[in-house]
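Colleague: Before I ask anything, let me first share the structure, which is written out below as structure tokens.
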Amino acid sequence: MTLKEKIKLKSTTTAIRGAMKIMPKLSDEQWLKIIRGRIYKLKKKEERDFMENLLINIKHKVNDVAPSVREKIVMNLINNAMIQGQPRRQDFAKKYGINPPNHLVISPTMTCNLRCFGCYAWQYSKKNDLPYDVCNRIIDEANDIGIYFFVITGGEPFYWEHLFDFLEKHNNSFFQIYTNGLLIDDSVAEKLAQLGNAVPCISVEGFKEETDERRGAGTWDKIMNAFDVLKKHGVIYGFSVTATRKNNELVVSDEFIDLMVEKGVFVGWYFNYIPIGKEPDLSLMPTPEQRDYRRKRILEIRKTKNITVADFWNDGNLVHGCMAGGKNYLHINVNGDVEPCVFVHFAADNIKEKSLVDIITSPFFMAFRKRQPYSDNLLRPCSIIDNPQVLRDIVAETGAHPTHEGAETIITTLAKPLDEYAAEWKAHADEAWDKEYNTYTDSGQRVAG
């Protein structure tokens with residue numbers, strides 16, 4: 001990095017830190033002016049709109065959070081992850097010809113206090129946690145190549161005995177934690193507020209009836225209490241939903257979103273049910289019509305509600321198709337197997353035996369990279385349910401192995417019905433893509449065609 005580049009990075013940090021101190025007085029446009037250009041150069045209007053919506057929501061939310069939370073969101077998530085890491089990411093790209101992921105997902109434990117039907121992670125071994133020294137090495141190696149954003153999942157992360165020490169040790173990085181929320185009480189919320197560098201995202205299935213049906217009686221009330229104590233202590237937090245055929249419309253309804261906003265939720269993540277893990281059941285998958293309805297509702301919610309929402313199967317347009325295989329992220333499971341995606345339970349390498357860089361540039365991960373995007377229609381991003389032949393081809397080509405008993409069914413016994421689902425979704429997705437997404441001007445303005 002040249003001296004000029006170092007000076008620019010330092011001046012950016014100074015500018016962002018200064019902006020953080022006067023943030024309540026800044027208009028949204030003043031805030032975006034400070035950030036815009038330093039973080040992103042996005043051609044498509046949808047991408048710019050999403051990023052600016054996220055940054056404005058961050059600005060509004062951090063005015064009401066604990067000081068340490070405000071500090072870590074602005075300095076770790078925005079400054080470190082989005083700006084300061086860029087020179088190292090560029091060095092990686094020059095050396096290997098590909099960009100590194102922008103975040104990693106780690107499952108340090110599979111211990112959990114619930115037994116939810118349809119759990120994607122149910123079949124992983126629960127005997128041992130991922131060794132703590134390995135978890136620390138993963139973060140250190142990721143920081144070295146400019147990655148400062150991480151997702152912790154499981155299992156139930158708040159059962160992991162090292163969680164708070166881990167967050168404190170890596171206090172220059174930012175973490176999102178997927179949790180069932182049942183272990184979040186005043187003491188846990190207070191610790192999170194003191195650390196400041198973690199956003200818990202609590203799983204819900206809709207309202208009380210739907211959540212208790214899948215997660216057990218009394219779960220909903222405990223989740224609502226978790227939201228309340230997180231808000232009281234000034235922690236920023238989110239929700240996570242698995243959209244199924246039963247709850248698809250409910251979880252994108254005005255009533256549901258309005259409740260989440262009322263409870264102080266900052267961000268919401270939507271996952272289409274995928275037939276893996278505990279007792280795979282294709283009848284739980286939203287129909288193509290339901291999936292398209294959810295896609296449209298997500299777009300409406302972004303425009304009309306004070307919350308940031310994203311759908312991992314319907315937002316392929318924002319991330320240029322599939323995110324897996326190290327393009328945007330990867331998953332390190334409790335055994336150390338490095339999977340291309342949280343829902344693709346195959347691996348060729350183990351983080352206990354190889355470096356992060358070696359795995360990112362491995363033949364298995366490069367097999368995904370060379371095929372991405374799998375379709376010109378970015379509303380069909382997935383190698384599991386949208387382009388299922390892709391996953392079968394890659395596993396056959398690279399010799400990747402299933403990471404738990406039964407994982408192979410996604411490419412064997414479920415192959416035919418997934419092909420049928422993909423064909424049905426293609427008809428809906430192609431119509432939407434042609435009408436709503438397909439044509440852009442040189443300036444990135446979308447022209448419906």
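FYI, it's all coordinate maths here, none of it is from the lab. If you're wondering where the values come from, they're calculated on a predicted model, not measured in any experiment. Neighbour counts are summed over all protein chains in view; Cβ atoms, including those assigned to glycine, are modelled from backbone coordinates with ideal geometry.
Colleague: Under 8 Å for C-alpha pairs, at least 6 residues apart: give me the relative contact order for segment 214-308, rounded to a whole percent. Write down the numbers at each step before the final one.
Modeller: Working: 98 pairs, mean separation 30.1, N = 95.
Contact order relative to length: 32 percent.
Colleague: From the phi angles alone, apply the Karplus equation (6.51, -1.76, 1.60; θ = phi - 60°) to segment 273-278 and give each ³J(HN,Hα) in whole Hz, x where the residue is Gly or Pro.
Modeller: So the J values, rounded to whole Hz, are 4, 10, x, 9, x, 7.
Colleague: Starting from the alpha-carbon convex hull of segment 341-440, give the projected area averaged over all orientations, in nm². Display every interim value, and only then the final one.
Modeller: On the way: hull surface 30.0 nm².
Over all viewing directions, segment 341-440 projects a mean Cα-hull area of 7.5 nm².
Colleague: Based on alpha-carbon atoms only, what is the radius of gyration of segment 213-353 relative to the globular estimate 2.2 N^0.38 Å? Provide the component values of the computation, followed by the final result.
Modeller: Numbers: Rg = 16.8 Å, N = 141, 2.2 N^0.38 = 14.4 Å.
Scaled against compact globular proteins, the figure is 1.16.
Colleague: Right, next: Can you tell which of C116, C322, C382 shows the greatest fluctuation in a Gaussian network model of the chain with Cα springs below 10 Å?
Modeller: For the chain, modelled as a Gaussian network with Cα springs under 10 Å, the answer is C116.
Colleague: In nm, to one decimal, how far is the K416 label point from the H162 one, both placed 7 Å along Cα→Cβ?
Modeller: Between K416 and H162, the simple spin-label model gives 4.6 nm.
Colleague: Taking a point 7 angstrom from the Cα of A396 along the C-beta vector, which residues in segment 417-431 have backbone N less than 12 Å away?
Modeller: Of the residues in segment 417-431, none has backbone N under 12 Å from the label point off A396.
Colleague: Give the separation of the Cα centroids, segment 229-275 to segment 43-64, in Å.
Modeller: Here the answer is 18 Å between Cα centres.
Colleague: Using +1 on the beta carbon of Lys and Arg, -1 on that of Asp and Glu, and nothing else charged, what's the dipole of segment 48-109 about the Cα centre, debye to 20?
Modeller: 220 debye
Colleague: While we're looking at this one, here's another question. No solvent, one uniform scatterer per C-alpha: report log10 I(q)/I(0) for segment 136-293 via the Debye equation at q = 0.08, 0.16, 0.19, 0.21 1/Å, two decimals.
Modeller: -0.26, -0.95, -1.21, -1.35
Colleague: What is the chain's relative contact order, in percent, from Cα pairs under 8 angstrom and six or more apart in sequence? Can you show the working numbers first?
Modeller: Details: 776 pairs, mean separation 67.3, N = 449.
That works out to 15 percent.
Colleague: While we're on this one: For segment 127-133, just list the computed ³J(HN,Hα) in residue order, Karplus coefficients 6.51, -1.76 and 1.60, θ = phi - 60°, integers in Hz, with x standing in for Gly and Pro.
Modeller: Values, residue by residue: 6, 9, 7, 5, x, 4, 5 Hz.
Colleague: For F207, project a label point 7 Å along Cα to C-beta. Then give me every residue of segment 229-251 with its amide nitrogen under 16 Å of that point.
Modeller: The answer is 247-251, whose backbone nitrogens lie closer than 16 Å to the label point.
Colleague: Taking square-rooted eigenvalues a ≥ b ≥ c of the alpha carbon gyration tensor, is segment 186-243 rounded, prolate or oblate, where a/c under 1.5 means rounded and, failing that, a/b exceeding b/c means prolate? Can you show the working numbers first?
Modeller: Values: a/c = 3.08, a/b = 1.96, b/c = 1.57.
Prolate, since a/c reaches 1.5 and a/b exceeds b/c.
Colleague: Whose amide H sits under 5 Å from the amide H of V151, counting only residues 5 or more places off or on another chain, with H placed in the peptide plane?
Modeller: The list, which skips near neighbours in sequence, is L104, V105, I106, Q176.
Colleague: Hey, another quick one. Report the residue, chosen from S253, S11, S383, that carries the largest GNM mean-square fluctuation when the chain is represented by alpha-carbon nodes joined by springs under 10 Å.
Modeller: S11
Colleague: Still on this structure: Based on DSSP H runs of at least 4 residues, each adding -39500 (n - 2.57), what is the mean residue ellipticity at 222 nm of the chain after dividing by all its residues, to the nearest 500 deg cm²/dmol?
Modeller: Working: 17 runs with 185 residues, N = 449.
For the chain, the value works out to -12500 deg cm²/dmol.
Colleague: While we're looking at this one, here's another question. Relative contact order for segment 301-449: what is it in percent, counting Cα pairs under 8 Å that are at least 6 residues apart?
Modeller: On the way: 197 pairs, mean separation 28.9, N = 149.
Over segment 301-449, the number comes to 19 percent.
Colleague: If segment 154-203 were replaced by its equivalent ellipsoid, with semi-axes equal to the square roots of 5 times the Cα gyration tensor eigenvalues, what would those be, largest first, whole Å? Can you show the working numbers first?
Modeller: On the way: eigenvalues 51, 28, 21 Å².
Working from the Cα gyration tensor, I get semi-axes of 16, 12, 10 Å.
Colleague: Check which residues have an amide H placed less than 5 Å from A243's amide H, if you skip close sequence neighbours.
Modeller: F271, N272, Y273
Colleague: Once the dipole of the chain is set up with Lys and Arg at +1 and Asp and Glu at -1 on Cβ about the Cα centre, which of L230, I332, V357 lies farthest towards its positive end?
Modeller: V357
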